[in-house]
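Trainee: Sharing a structure with you now.
The values are calculated or read from the model by the stated rules, or taken from the named source; none is laboratory data. No experiment lies behind these values; they were computed from the predicted model shown. Neighbour counts run over all protein chains shown; Cβ positions are idealised from the backbone, glycine included. The area values use the complete protein model at the heavy-atom level, side chains included, leaving out ligands, DNA and RNA. Shrake-Rupley method; radii C 1.70, N 1.55, O 1.52, S 1.80 Å.
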Amino acid sequence: MIEARGLTKRFGKVTAVTNLTFDVLPGKVTGFLGPNGSGKSTTMSMIMGLNHPNAGTVTVAGRRYHDLRWPLREVGGLLEARAIHPGRSAYVHLWSLAQYNDIRRSRVDEVLEIVGLTSVAKKRVGKFSLGMGQRLGIAAALLGDPGVILLDEPANGLDPEGIRWMRTLCKSLASEGRTVFISSHLMAEMALTADQLVVIGKGRLIAEMPVGEFVARSSSQNYRVRVGNNAPFVSAAVQAGGEVVNDGDALKVSGLDATALGDLALSLGVAVYELTPLASLEDAFMELTSNSVEYHGAA
Amino acid sequence: MSAIADAPTAFEVTEPSGRAGLTQAVRAEWTKFWSVRSTAWSLFALVVATLGLGALSTNALAGQRFAEFDPVRRILVGFNFGQFAIGVLGVLFISAEFGTGQIRSTLAALPRRRDVLGAKAIVLGVVSLIVGEVLSFATFFLGDAILSGSRTPVAIGDPGIVRVLVESGVYLALMALIGLGFGAIIRNSAGSISTFAGLVLILTLIIGAMPLAIVNAVSRYLPANIGATVFAVSTPGRLSGTPVFSPIMGLLVLALYALILLASGSYLMTRRDT
Ligand SMILES: Nc1ncnc2c1ncn2[C@@H]1O[C@H](COP(=O)(O)OP(=O)(O)OP(=O)(O)O)[C@@H](O)[C@H]1O
Ligand SMILES: [Mg+2]
């Protein structure tokens, strides 16, 4: 369990995090979402006692990080920034961390096995690819078999198989009753992985709720529709107040709900092959954070 | 997913009694110390400087017509250079962690900064002391062998020699700790190494160019001058005319520097973000 209370962090004139209060509960995967520069990594660093808040407190398993008796046995963290000396081997890196917390040596082999780095354990970390480095970071997070796991953009650099593995891992860690807190920009992935969300923008809390509830907040109702005969369906849908885009493969309809679209097709006698809601986490995220995006790409 | 009422059972972490502290940190830092290449390189440079320069310098002495007043000063001449190698070793032991981000992994494993820096000081101090002592005696015996049969023979049993050799090893260990202290305060490797070199070398040159009153007042506190009195048997209390500390006093002053730097480093590590 992680409890953040009124966390505030300033870097000179920049206020990265403002009065942030949230709980991350055990037994669930909690996604931590926010646009670039919204303060996710800063918050994770404060949880791990690496950055000191200007105001507020954060505790893990009821204690401030600094007061944890065996930190790696309580909390495992994957930090966003590079946090490994490139000159050591993966094995020695993990072994030295294990020694800090009296963790048995065989556990190093176990976590290397879990993340699939056994064959390169003796290789210098500087020679690792981005994804291998990420896996090593995850290995370090699992080293102490901790009850709380924080992962800052764990999917970064992982291949599709790795991302799927990551998802399964997070879910199984949570099902064991652990607290799993992960930040990510991959909305589709988060929708599949997370149960609960903490969403921030410009360092402030925007939402703290279950994923389903968050998605339902999105006012945009988009559906992917494939029908037997496009022309009559499209004109009828537009007449009924919908907006239709034909992407060649299927129609993307907004402004009408599934019931309306189904009834419409029935009344026209048009066969429906597909009617998929597209109201996605991504849409909900875009909508709810649109006011707090600091770095827009030029359109 | 049999019953929706299935609340996830709370996860229990397994923890030994006590807490992670200095003991664990010393073990981890020992592993880390020996697993980077810079350690081997610094120690290699130290060996070359002390034994190599000592042999060259002593060899030149062996062919001289007149007996040298203090042959040990010539034998240990390489220690004046070796202190840079050991200083770099001390700096890098912590600055490389800041430079690579490793410090974040380290402090996540042990958030109590004083224990982390203390463990580094213990590992570095012990290794440097042993290496320093081995090298001072080895350098002496090498010089002794080169000088045997010359006009200026020395023997380990001569008055003051063992004391000088022991103190020379201690000097190197203290310089290593001073390097560590600078690394913890400055964090940047290049900046810390420059500062260390400046303290030992450039500061000495600057002070040397000052009016005599300042030279006489300040010289004795300079590490290089403390070294010059430590690496010699004859210590008349003056070094090229300026007053200096006795070797023991000089080493105590250095120890005080190391302590102040490490305490400041520890304080700053606790205060600063990582
Ligand atoms: N060490 C630092 N010094 C100064 N400013 C910082 C520092 N770290 C973060 N910031 C600033 O704090 C803000 C939040 O940054 P942070 O890295 O926490 O965002 P983030 O949500 O993790 O972004 P991203 O999604 O891009 O990873 C940004 O404006 C950033 O520039
Ligand atoms: Mg980030």
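Trainee: For the stretch B:143-176, which positions are of a type in the set (Ser, Thr, Tyr) and either loosely packed, with under 14 Cβ neighbours inside 10 Å or assigned to a loop (DSSP other than H, G, I, E, B) (or both)? Give the steps one after another, and end with the answer.
Mentor: To start, the set of residues in the stretch B:143-176 that are of a type in the set (Ser, Thr, Tyr) comprises B:148, B:150, B:152, B:168, B:171.
Within the stretch B:143-176, B:Ser148, B:Ser150, B:Thr152 meet the criteria.
Trainee: If you don't mind, another one. So which of A:Gly144, A:Gly248 is among the small types (Gly, Ala, Ser), away from ligand 2 (no atom under 16 Å from the Cβ), assigned to a loop (DSSP other than H, G, I, E, B) and surrounded by 20 or more Cβ atoms within 10 Å (Cβ to Cβ)? Can you show your working first?
Mentor: Numbers: A:Gly248 fails: surrounded by 20 or more Cβ atoms within 10 Å (Cβ to Cβ).
Result: A:Gly144 is the single residue among A:Gly144, A:Gly248 that is among the small types (Gly, Ala, Ser), away from ligand 2 (no atom under 16 Å from the Cβ), assigned to a loop (DSSP other than H, G, I, E, B) and surrounded by 20 or more Cβ atoms within 10 Å (Cβ to Cβ).
Trainee: Given the conditions (1) open to solvent by 50 Å² or more (accessible area, probe 1.4 Å); (2) closer than 21 Å to B:Ile122 by Cα, which single one is not true for B:Val253?
Mentor: For B:Val253, the failing item is (1).
Trainee: How many residues, within the stretch A:23-42, are of a type in the set (A, V, I, L, M, F, W, C) and in a loop (DSSP other than H, G, I, E, B)? Before the answer, list the steps.
Mentor: Let us first name the residues in the stretch A:23-42 that are of a type in the set (A, V, I, L, M, F, W, C), namely A:24-25, A:29, A:32-33.
Right, trim to in a loop (DSSP other than H, G, I, E, B) and you get A:25.
Qualifying residue count for the region: 1.
Trainee: Can I ask one more? Identify the residue in the stretch A:266-282 that is in contact with a strand residue (DSSP E or B) (Cβ under 7 Å, 6 or more places away or on another chain) and open to solvent by less than 60 Å² (accessible area, probe 1.4 Å) and, among all such residues, is farthest from A:Leu197 (Cα to Cα). So that I can check it myself, show each step before the final result.
Mentor: In the first step, residues of the stretch A:266-282 are kept if they are in contact with a strand residue (DSSP E or B) (Cβ under 7 Å, 6 or more places away or on another chain); the result is A:270-279.
Checking which are open to solvent by less than 60 Å² (accessible area, probe 1.4 Å) leaves us with A:270-271, A:274, A:276, A:278-279.
Working: A:Val270: 40, A:Ala271: 38, A:Glu274: 30, A:Thr276: 24, A:Leu278: 19, A:Ala279: 17 Å.
The extreme case among them is A:Val270.
Trainee: Right, here's the next one. Quick one: count up the residues across the stretch A:76-87 that are at the interface with chain B (Cβ under 7 Å from one of its Cβ atoms) and either free of Cβ contacts under 8 Å to residues at least 24 places away in the same chain or within 16 Å of ligand 1 (Cβ to nearest atom) (or both).
Mentor: Step one: list which residues in the stretch A:76-87 are at the interface with chain B (Cβ under 7 Å from one of its Cβ atoms), which gives A:77, A:79, A:81-87.
Filter again for either free of Cβ contacts under 8 Å to residues at least 24 places away in the same chain or within 16 Å of ligand 1 (Cβ to nearest atom) (or both), leaving A:77, A:79, A:81-83.
Looking only at that region, the number is 5.
Trainee: Do we have A:Ile114 as away from ligand 1 (no atom under 12 Å from the Cβ) and part of a helix (DSSP H, G or I) here? First the steps, then the outcome.
Mentor: Working: away from ligand 1 (no atom under 12 Å from the Cβ): yes; part of a helix (DSSP H, G or I): yes.
When the stated conditions are applied, A:Ile114 passes them.
Trainee: Looking at (1) within 11 Å of ligand 1 (Cβ to nearest atom); (2) within 8 Å of chain B (Cβ to nearest Cβ); (3) under 30 Å from A:Glu287 (Cβ atoms), find the lone condition where A:Phe11 falls short.
Mentor: All conditions are met except number (2).
Trainee: If you don't mind, another one. Would it be correct to say that A:Asp263 is part of a helix (DSSP H, G or I), open to solvent by 30 Å² or more (accessible area, probe 1.4 Å) and either within 30 Å of A:Asp23 (Cβ to Cβ) or at pLDDT below 80 (or both)? It would help to see each step written out before you state the result.
Mentor: Values: part of a helix (DSSP H, G or I): yes; open to solvent by 30 Å² or more (accessible area, probe 1.4 Å): yes; either within 30 Å of A:Asp23 (Cβ to Cβ) or at pLDDT below 80 (or both): no.
Here the answer is no, as A:Asp263 does not meet what is asked.
Trainee: For the stretch B:240-250, how many residues are touching a Ser or Thr at 6+ places or on another chain (Cβ under 7 Å) and either under 14 Å from B:Met175 (Cβ atoms) or open to solvent by 40 Å² or more (accessible area, probe 1.4 Å) (or both)?
Mentor: Counting residues in the stretch B:240-250 that are touching a Ser or Thr at 6+ places or on another chain (Cβ under 7 Å) and either under 14 Å from B:Met175 (Cβ atoms) or open to solvent by 40 Å² or more (accessible area, probe 1.4 Å) (or both) gives 2.
Trainee: Give me the residue from the stretch A:98-108 that is open to solvent by 10 Å² or more (accessible area, probe 1.4 Å) and in contact (Cβ under 8 Å) with a residue 12 or more places away in the chain and, out of that set, farthest from the other protein chains (Cβ to nearest Cβ). Spell out the reasoning first.
Mentor: As a first pass, look at the stretch A:98-108 and keep what is open to solvent by 10 Å² or more (accessible area, probe 1.4 Å): A:99, A:102-107.
Checking the rest, the ones that are also in contact (Cβ under 8 Å) with a residue 12 or more places away in the chain come to A:102-103, A:107.
Values: A:Asp102: 6, A:Ile103: 9, A:Arg107: 11 Å.
Per the criteria, the residue is A:Arg107.
Trainee: Hey, could you check the stretch A:183-196 for residues that are over 18 Å from A:Gly37 (Cα atoms) and of a type in the set (A, V, I, L, M) and say which is most open to solvent (accessible area, probe 1.4 Å)? Spell out how you get there, then give the answer.
Mentor: Here is the first cut: in the stretch A:183-196, the ones over 18 Å from A:Gly37 (Cα atoms) are A:188-196.
Restricting the remaining residues to those that are of a type in the set (A, V, I, L, M) gives A:188, A:190-192, A:194.
Values: A:Ala188: 76, A:Met190: 3, A:Ala191: 48, A:Leu192: 97, A:Ala194: 10 Å².
My answer is A:Leu192.
Trainee: All but one of (1) surrounded by fewer than 24 Cβ atoms within 10 Å (Cβ to Cβ); (2) modelled with pLDDT under 95; (3) not acidic (Asp, Glu) hold for A:Pro154; which doesn't?
Mentor: So the condition that A:Pro154 fails would be (1).
Trainee: A further question on this structure: Restricting to the stretch B:67-88, name every residue that is touching a helix residue (DSSP H, G or I) at 6+ places or on another chain (Cβ under 9 Å) and either closer than 17 Å to B:Val116 by Cα or open to solvent by 10 Å² or more (accessible area, probe 1.4 Å) (or both). Write out each step before concluding.
Mentor: As a first pass, look at the stretch B:67-88 and keep what is touching a helix residue (DSSP H, G or I) at 6+ places or on another chain (Cβ under 9 Å): B:68, B:71-88.
If the condition is that a residue be touching a helix residue (DSSP H, G or I) at 6+ places or on another chain (Cβ under 9 Å) and either closer than 17 Å to B:Val116 by Cα or open to solvent by 10 Å² or more (accessible area, probe 1.4 Å) (or both), then B:Glu68, B:Pro71, B:Arg73, B:Arg74, B:Val77, B:Asn80, B:Phe81, B:Phe84, B:Ala85, B:Val88 are the ones that fit.
Trainee: Looking only at residues that are within 16 Å of ligand 1 (Cβ to nearest atom) and either over 25 Å from A:Ala61 (Cβ atoms) or outside any helix (DSSP H, G or I) (or both) in the stretch A:120-141, which one is least open to solvent (accessible area, probe 1.4 Å)? Break it down into steps so the answer makes sense when it comes.
Mentor: Kept after step one, since they are within 16 Å of ligand 1 (Cβ to nearest atom), are these residues of the stretch A:120-141: A:130, A:134, A:137.
From the residues that got through so far, the ones that are either over 25 Å from A:Ala61 (Cβ atoms) or outside any helix (DSSP H, G or I) (or both) too are A:130, A:134.
Details: A:Leu130: 115, A:Gln134: 24 Å².
Ranking the candidates gives A:Gln134 first.
Trainee: For the list (1) assigned to a strand (DSSP E or B); (2) within 16 Å of ligand 1 (Cβ to nearest atom); (3) among the polar types (S, T, N, Q), I need the number of the one condition that A:Ser45 fails.
Mentor: Of (1) assigned to a strand (DSSP E or B); (2) within 16 Å of ligand 1 (Cβ to nearest atom); (3) among the polar types (S, T, N, Q), only one is false for A:Ser45: (1).
Trainee: Considering only residues that are loosely packed, with under 15 Cβ neighbours inside 10 Å and within 26 Å of B:Gln83 (Cα to Cα), look in the stretch B:22-44 and name the one that is farthest from the other protein chains (Cβ to nearest Cβ).
Mentor: Ranking the qualifying residues of the stretch B:22-44, first place goes to B:Phe44.
Trainee: Within the stretch A:169-182, is there a residue that is crowded, with 18+ Cβ neighbours inside 10 Å and within 16 Å of ligand 2 (Cβ to nearest atom)?
Mentor: Restricting attention to the stretch A:169-182, the residues satisfying the condition of being crowded, with 18+ Cβ neighbours inside 10 Å are A:169-170, A:173-174, A:178-182.
The next check asks that each one be within 16 Å of ligand 2 (Cβ to nearest atom); those that pass are A:181-182.
Yes: one or more hits.
Trainee: May I ask you to list the residues in the stretch A:59-70 that are facing another protein chain (nearest Cβ under 7 Å) and among the polar types (S, T, N, Q)?
Mentor: Listed by number, the list is empty, since nothing qualifies.
Trainee: Please enumerate the residues belonging to the stretch B:213-227 that are of a type in the set (Val, Ile, Thr) and outside any helix (DSSP H, G or I). First the steps, then the outcome.
Mentor: If we filter the stretch B:213-227 for residues that are of a type in the set (Val, Ile, Thr), which is where we start, we get B:214-215, B:218, B:226.
Across the stretch B:213-227, there are no qualifying residues.
Trainee: Can you tell me which condition A:Arg73 does not meet? The list is (1) within 14 Å of ligand 1 (Cβ to nearest atom); (2) within 12 Å of chain B (Cβ to nearest Cβ); (3) farther than 30 Å from A:Gly212 by Cβ, and all the others hold.
Mentor: (1)
Trainee: May I pose another question? For residues that are among the hydroxyl-bearing types (Ser, Thr, Tyr), open to solvent by 10 Å² or more (accessible area, probe 1.4 Å) and within 16 Å of ligand 2 (Cβ to nearest atom), tally how many sit in the stretch A:32-77.
Mentor: Of the residues in the stretch A:32-77, 2 are among the hydroxyl-bearing types (Ser, Thr, Tyr), open to solvent by 10 Å² or more (accessible area, probe 1.4 Å) and within 16 Å of ligand 2 (Cβ to nearest atom).
Trainee: So, one more: Just one of (1) within 16 Å of ligand 2 (Cβ to nearest atom); (2) more than 8 Å from chain B (Cβ to nearest Cβ); (3) open to solvent by 10 Å² or more (accessible area, probe 1.4 Å); (4) in a strand (DSSP E or B) trips up A:Leu20, so point out which.
Mentor: It fails just one condition, (3).
Trainee: Now a separate question. Mind listing just one residue for me: the one in the stretch A:88-97 that is within 8 Å of chain B (Cβ to nearest Cβ) and part of a helix (DSSP H, G or I) and, of those, nearest to B:Ser35 (Cα to Cα)?
Mentor: A:Val92
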